[in-house]
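The values are calculated or read from the model by the stated rules, or taken from the named source; none is laboratory data. No experiment lies behind these values; they were computed from the predicted model shown. Glycine also receives a Cβ, built like all others from the backbone with ideal geometry; neighbour counts cover every protein chain displayed. Side chains are part of the model used for accessible areas, which takes the heavy atoms of the whole protein and leaves out ligands, DNA and RNA. Shrake-Rupley method; radii C 1.70, N 1.55, O 1.52, S 1.80 Å.
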Amino acid sequence: MGAGGRMSVPPSQRKQESGSMKRVPISKPPFTLSEIKKAIPPHCFQRSLIRSFSYLVYDFILVSIFYYVATTYFHNLPQPLSFVAWPIYWALQGSVLTGVWVIAHECGHHAFSDYQWIDDTVGLILHSSLLVPYFSWKYSHRRHHSNTGSLERDEVFVPKKRSSIRWWAKYLNNPPGRFVTITIQLTLGWPLYLAFNVAGRPYEGFACHYNPYGPIYNDRERLQIYISDVGVLAVTYGLYRLVLAKGLAWVICVYGVPLLIVNAFLVMITYLQHTHPALPHYDSSEWDWLRGALATVDRDYGILNKVFHNITDTHIAHHLFSTMPHYHAMEATKAIKPILGEYYSFDGTPVYKAIFREAKECIYVEPDEGEQSSKGVFWFRNKI
C-alpha cells in the first residue's frame with residue numbers, strides 16, 4: 001500500500017503499482033498480538049549483550065576513522081578540495097552517529113541487553129554525547145509507543161484537526177512554503193520538541209523534557225530527569241572546554257554539523273514513519289493499541305537502512321515488539337508479513353520525494369464524510 005505500491009506484494013511488483021494508494025484497514029484485525037508473536041522465531045526475542053556491543057563498537061570505529069581523517073588531513077588540503085571534503089565528512093559522520101543514536105534508543109526500550117542497568121548506563125552515555133536527555137526522552141517515547149495513533153494521547157507528530165490549522169498555513173501550502181517548513185522542521189524541530197514540546201501532545205502547563213516537574217513526568221521519574229539534565233550539561237561543558245582549546249569553528253565542523261545531520265535524520269525518520277495519506281488516526285471512541293501500532297509505515301532508505309540499524313524499514317515490528325533487538329527485526333518483519341496481510345504498510349518512495357509529498361498531502365486530519373460508523377477515524381487532508 002502507499003504511494004510506493006501495495007504493501008503485501010513482493011518488491012518486483014511494487015513499481016507496477018507506484019501510483020496506487022490503499023488505506024490501512026480500520027476494522028478490528030482478524031489476528032491478535034499473541035498470534036503475531038507466535039509467527040516470529042523465538043530467537044528473535046533474545047538479546048545478546050556481546051552482539052549489541054559489536055554493533056556499537058563497529059559504529060565507533062567508523063566514527064573514529066572519519067574523525068581521524070578529517071582532523072589529520074583536511075587542513076592540508078587546498079581550499080577547493082576542503083570545501084568538498086568537509087561536506088562528505090559531515091554526511092558520513094552524521095549518518096553513522098544516527099546509528100549510534102538508534103542504539104541508544106534501543107537501550108531506552110531495554111532491547112540492548114538483558115540487564116536494565118547496562119541498558120540505561122549505555123543509553124545515558126550515548127544520548128548525552130548527542131545532547132539528548134536520555135531518561136526524559138525514554139519516558140515520553142515509551143508513552144508514544146503506548147498511545148500510537150491516538151489523537152488525544154500520542155506524544156509526537158500529533159496531527160492537527162482542521163479547526164486547529166493556523167491562519168498562515170494557506171500561505172505555506174505551496175512549493176516554496178513547504179521547502180521552508182521542511183527546512184525549519186529538520187534543523188530546529190528536534191531541539192524545539194525537547195525544549196518546548198513543539199509538535200507534541202498538548203499538556204496543561206509548560207511541557208519540557210528538561211523540567212523534572214513538568215506535566216510529562218510523574219514523581220517516580222523526576223530523579224532520573226535530573227540525571228538526564230546532568231548528562232547533557234556535562235557534555236555541554238565538555239564542548240565549551242573544547243571551544244576554548246580548539247576554537248569554535250573546529251567544534252562546529254567536527255561535532256556541530258554532524259549533530260545537526262543526526263537531528264535532521266531523526267526528525268525525518270520519525271515524521272515519515274507516522275505521516276502518510278494512507279495512515280489513520282483515531283480519537284478515544286475508536287482507538288485501541290493494536291490498530292494504533294499498525295498505523296505506521298516502513299520506509300526504504302537504501303544503504304542507510306543498515307547504517308540506521310534498520311529502524312527505518314522494520315518500524316512496524318518495532319512498534320509491536322519494542323524490546324526486540326534491531327538485529328532480529330528484519331527476520332521478524334518477514335515472519336509477520338503473511339499474518340498482517342493488508343495491515344502491513346510499506347512505501348518504497350524515495351524519502352527525498354516522500355517528505356515533500358507528505359508535507360503537501362498531510363496538513364490536517366478529519367473523518368470521512370457520510371460514514372457515521374467511522375467518525376472516530378481521521379484521515380489526512382490538504383485542502384485549506
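Worth pointing out:
- Listed cross-link partners K170/K383; K360/K383; K38/K334; K161/K353; K160/K353; K37/K138 are compared with a 19 Å cut-off, the Cα-Cα value being larger for K161/K353; K160/K353; K37/K138.
- Degrees between helix 329-340 axis and first principal axis of the chain (Cα, 0 to 90, nearest 10): 10 degrees
- Spatial extent of the stretch 32-189: Rg and Dmax, with the Cα atoms as the point set, Å: 20.9, 62
- Along the stretch 154-168 the Karplus relation, 6.51 cos²θ - 1.76 cosθ + 1.60 evaluated at θ = phi - 60°, assigns HN-Hα couplings of 5, 9, 9, 6, 6, x, 8, 7, 4, 5, 9, 5, 6, 4, 7 Hz to successive residues, with x for each Gly and Pro.
- Bridge orientation summary for the chain: considering DSSP beta bridges with both residues in this region, about 60 percent are antiparallel.
- Counting only protein heavy atoms and a probe of 1.4 Å, the accessible surface of the stretch 86-135 is 77% carbon and sulfur.
- Global form of the stretch 179-248, assessed from the alpha-carbon gyration tensor, a/c cut-off 1.5: oblate
- Approximating the spin labels as points 7 Å out from Cα along Cα→Cβ, the T121-to-E221 distance works out to 2.5 nm.
- Seen against the Cα atoms of the chain and their longest principal axis, helix 116-129 is set at about 70 degrees.
- Of L172, L81, the order by accessible heavy-atom surface (1.4 Å probe, DNA, RNA and ligands excluded), from most exposed downward, is L81, L172.
- Computed across the chain, the Kirkwood hydrodynamic radius from all distinct Cα-Cα pairs reaches 22.0 Å.
- Which of Y255, Y89 is most accessible, then next, and so on - probe 1.4 Å: Y255, Y89
- Local electrostatic count, V24, Cβ distance below 9 Å [Lys/Arg +1, Asp/Glu -1]: +2
- In the stretch 145-223, trypsin sites (Lys or Arg not before Pro) in a DSSP loop with at most 10 other beta-carbon atoms within 10 Å: R166
- Solvent exposure of the chain amounts to 48 Å² per residue of accessible area, where only protein heavy atoms count and the probe is 1.4 Å.
- For the stretch 39-89 and the stretch 91-137, distance of Cα centres in Å: 15 Å
- Rg/Rh ratio calculated on Cα atoms of the stretch 220-371 (Kirkwood radius): 1.07
- Gain in span if fully extended, D288 to L172, counting 0.36 nm per residue against the direct Cα distance: 38.4 nm
- The stretch 299-340 and the stretch 200-276 have their alpha-carbon centroids 26 Å apart.
- J(HN,Hα) series, the stretch 318-327, from Karplus relation 6.51 cos²θ - 1.76 cosθ + 1.60, nearest Hz, glycine and proline x: 5, 5, 6, 9, 6, 8, 6, x, 4, 6
- Accessible-area order (highest first, 1.4 angstrom probe) of the listed residues I225, I339: I339, I225
- Where labels lie 7 Å past Cα in the beta-carbon direction, separation of S34 and H75 in nm: 6.5 nm
- If the segment from R143 to L233 were pulled out straight at 0.36 nm per residue, it would be longer than the present Cα-Cα gap by 29.9 nm.
- Solvent-accessible surface (1.4 angstrom probe) belonging to F206, in square angstrom, nearest 10: 110 Å²
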